[in-house]
Structure formats: C-alpha cells, structure tokens
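Visitor: Sending over a structure as structure tokens; questions will come in a sec.
Derivation of every value follows stated rules applied to the coordinates shown; laboratory data play no part. Predicted, not measured: the structure shown is a model, and the values here were computed from it. As a convention, Cβ positions derive from the backbone with ideal geometry for all residues, glycine included, and neighbour counts pool all protein chains shown.
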Amino acid sequence: MAGIEIRDLHKSYTVDGRHLPVLNGIHLSLREDGITVVLGKSGCGKTTLLRLIAGLEQPDSGTIRFDSTPKTAFVFQEPRLMPWLCVRDNIQFSLSRRDISPEETQWILETVGLSGFERAYPHQLSGGMQQRAALARALIYHPSFIMMDEPFAALDHFTREDMQRALLDIRSKTHASILFVTHSIDEALTLADTIVLISGGVISAEYAISVSHPRHLLTDEMISLKRRIVADLENAT
Ligand SMILES: Nc1ncnc2c1ncn2[C@@H]1O[C@H](COP(=O)(O)OP(=O)(O)OP(=O)(O)O)[C@@H](O)[C@H]1O
Ligand SMILES: [Mg+2]
C-alpha cells in the first residue's frame, strides 16, 4: 500500500531554445489502495506527471512524498517486451526464478487471459496479448503502487473490458494503489475512486466516486458525472 502526497510540482522543458512550462504547481494526494485516474487533453502533461512520480525525471521544484517505500511498477502504453524472451521469461525477467512458484505464474497468466501462451514469443502474439503480458510482468512483482499510462488504449472493446475487470480484481486482492492515465472518460468512470483533470499545468478538477464496483455507467448519477467531466474537459486549456 502507498499513500502519496504531491505538493506544488513544477516541470518545464526546453525545446529548440524555447521554454515550455508543462506542470505549473500540481497538488495531489493519492489514497492508499485507491484508483486515481488522470484525464486531460493530449499534451497536458499526464505522462510527464507519471514519469516524475516514478523518478524517471526530476521536477524543477516541488515535492513527492511517499508514506512508505512502495514497490512500484510502471505499465506503458506500448508493451516493451524483450523480443528474445518468451512470455514466461518476460514476466519473470525482473525476479529471480525461485521467487515465483509455477502456481503463481499460472495465476497471473490466467488473470490476464494468457494461459497456454507462456512459451510464445512476443512476435507470435497480437498487440493486445503483448499488452496483457506487460500487465502480468508488472503484477507478478506484487507492487504496492502501480502507474499505468494508457495501458489499454490499443485493445479492442471487449478485451479492454476484460482487462478493466482484471485490474479491479487485482486491486481488491492486493490493495495496491493505482495511478491510471486514460483518454477515455468511460474507462475513468469504470475504474476510478477519484478522477483528476489536468489543465493549464494544474489539477483543474477532482471528482470522488463513491459508487461501488462493478458500476453501471448508465445510471443517472454516472451520466450526470460524465456530463460534468465532458463540460470541464471542453473548457480545459
Ligand atoms: N523529454 C521531453 N522533452 C521536451 N518536451 C517534452 C518531453 N516530454 C514531454 N514534453 C512536452 O511536454 C508536454 C506534455 O507531454 P506529455 O507527454 O506529458 O503529455 P500527455 O498529457 O501525456 O499527452 P498524451 O495524452 O498525448 O500522451 C508536451 O508539450 C510535450 O511536447
Ligand atoms: Mg502521454
């Protein structure tokens, strides 16, 4: 489990001699074992925020404080598998073999719907299957904090729904905190305990969702929340 406090985070880049401010004072508290979904227009700084939290980049100023040292995992939009390793070896790549029982490997493969493919190589899998292998690789490590950058964007509708269900199932079993970036408002409404919008380099809106899972997005409550989010995103800079 991980609670995370982000205070007054600033990040800018210099591109072609031009100063490009991206994040201009992000304040965000991530609850332990909650799913926080980040929404925002393309280029607003969602990936930048994840990379800062993951320590892949340094902020210009501001602080990121973890309650305890989390075991973190990062799932990227593209699978980033090792092409020369089969699914099983990709999943076990960051761990020594003896840390993982065959039962556990089997459970992870079943959870992401890849049973029977443990010996397949990435080029023998579809894009969606590769992404599921990438998710399994993140989960086998039993992370307490998972950052996911549009992980299901390339999947078809039904596979995406399966993966969303798998993620909720995993969260309820492992109590991991999840920070999830997506462009899909419906995906955000399906998964999130909290949705945050990034606009103008700050968190411009935050919505807490108390409806329990599984959710029906066509209830009056969820439809009106979706309308609010759409309106806020349309007004976003
Ligand atoms: N390494 C970098 N060097 C220079 N500029 C960068 C770098 N990384 C990101 N940027 C710029 O920072 C801004 C935010 O990029 P970021 O990738 O965080 O956006 P995003 O919200 O994730 O967008 P998308 O939804 O399209 O993935 C963009 O204008 C981008 O050009
Ligand atoms: Mg991005």
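Visitor: Report the net charge of residues surrounding residue 208, where surrounding means a beta-carbon distance below 12 angstrom and charges are Lys +1, Arg +1, Asp -1, Glu -1.
Guide: Values: positive: 31; negative: 193, 206.
Net local charge, residue 208 excluded: -1.
Visitor: Using each residue's phi in segment 175-187, evaluate 6.51 cos²θ - 1.76 cosθ + 1.60 at θ = phi - 60° and report the 3J(HN,Hα) Karplus result to the nearest Hz, with x for Gly and Pro.
Guide: Result, ordered by residue: 6, 6, 7, 10, 10, 10, 9, 8, 9, 8, 5, 5, 5 Hz.
Visitor: Tell me, rounded to the nearest percent, the portion of alpha carbon pairs in the chain spaced more than 25 Å apart.
Guide: Across the chain, Cα pairs with separations above 25 Å total 43 percent.
Visitor: What does the helix-only formula give at 222 nm for the chain: each DSSP H stretch with n ≥ 4 adding -39500 (n - 2.57), the total divided by the residues, and the result rounded to the nearest 500 deg cm²/dmol?
Guide: -10000 deg cm²/dmol
Visitor: Under 18 Å between C-alpha atoms is the cut-off here; go through the chain and count lysine pairs that meet it, provided they're at least eight residues apart or on different chains.
Guide: Total qualifying Lys-Lys pairs in the chain comes to 4.
Visitor: Using the per-residue mean of other Cβ atoms lying within 10 Å as a proxy for protection, in what order, highest first, do the peptides 33-40, 16-23 fall?
Guide: For the peptides 33-40, 16-23, the packing ranking is 33-40, 16-23.
Visitor: Moving on to the next point. Work out from phi, with θ = phi - 60° and the Karplus expression 6.51 cos²θ - 1.76 cosθ + 1.60, the ³J(HN,Hα) of each residue of segment 66-71, listed in order in whole Hz, and give x for Gly and Pro.
Guide: Once rounded to whole Hz, the list reads 9, 4, 9, 6, x, 8.
Visitor: Related question: With 10 angstrom as the radius, rank 56, 49, 139 by how many other C-beta atoms surround their C-beta, starting from the fewest.
Guide: So the ranking, lowest neighbour count to highest, is 56, 139, 49.
Visitor: Residues with beta-carbon under 15 Å from that of residue 217, excluding residue 217: net charge, scoring Lys, Arg +1 and Asp, Glu -1?
Guide: Spelling it out: positives minus negatives among the neighbours equals +1.
Visitor: Could you list 220, 149 in order of exposure, starting from the residue whose Cβ has the fewest other Cβ atoms within 10 Å?
Guide: Ascending number of Cβ neighbours within 10 Å: 220, 149.
Visitor: Further question on the same structure: In what sequence, highest mean first, do 160-173, 179-192 appear when ranked by Cβ atoms within 10 angstrom? List each step's numbers first, then the result.
Guide: On the way: 160-173: 17.0, 179-192: 20.9.
So the order, starting with the most tightly packed, is 179-192, 160-173.
Visitor: Largest first and in whole Å, what are the equivalent-ellipsoid semi-axes of segment 1-89 based on the Cα gyration tensor, each being the root of 5 times an eigenvalue?
Guide: Details: eigenvalues 125, 85, 29 Å².
Gyration-tensor ellipsoid for segment 1-89: 25, 21, 12 Å.
Visitor: OK, next. So for segment 81-141, considering every pair of alpha-carbon atoms, how many percent are separated by more than 14 Å? The partial results should precede the final answer.
Guide: Working: 821 of 1830 pairs.
Result: 45 percent of Cα pairs exceed 14 Å.
Visitor: Give the separation of the Cα centroids, segment 190-237 to segment 1-47, in Å.
Guide: 17 Å
Visitor: Would you work out the relative contact order for the chain, in percent, from Cα pairs under 8 angstrom that are 6 or more residues apart? Numbers along the way, then the final one.
Guide: Details: 428 pairs, mean separation 67.2, N = 237.
For the chain, the relative contact order is 28 percent.
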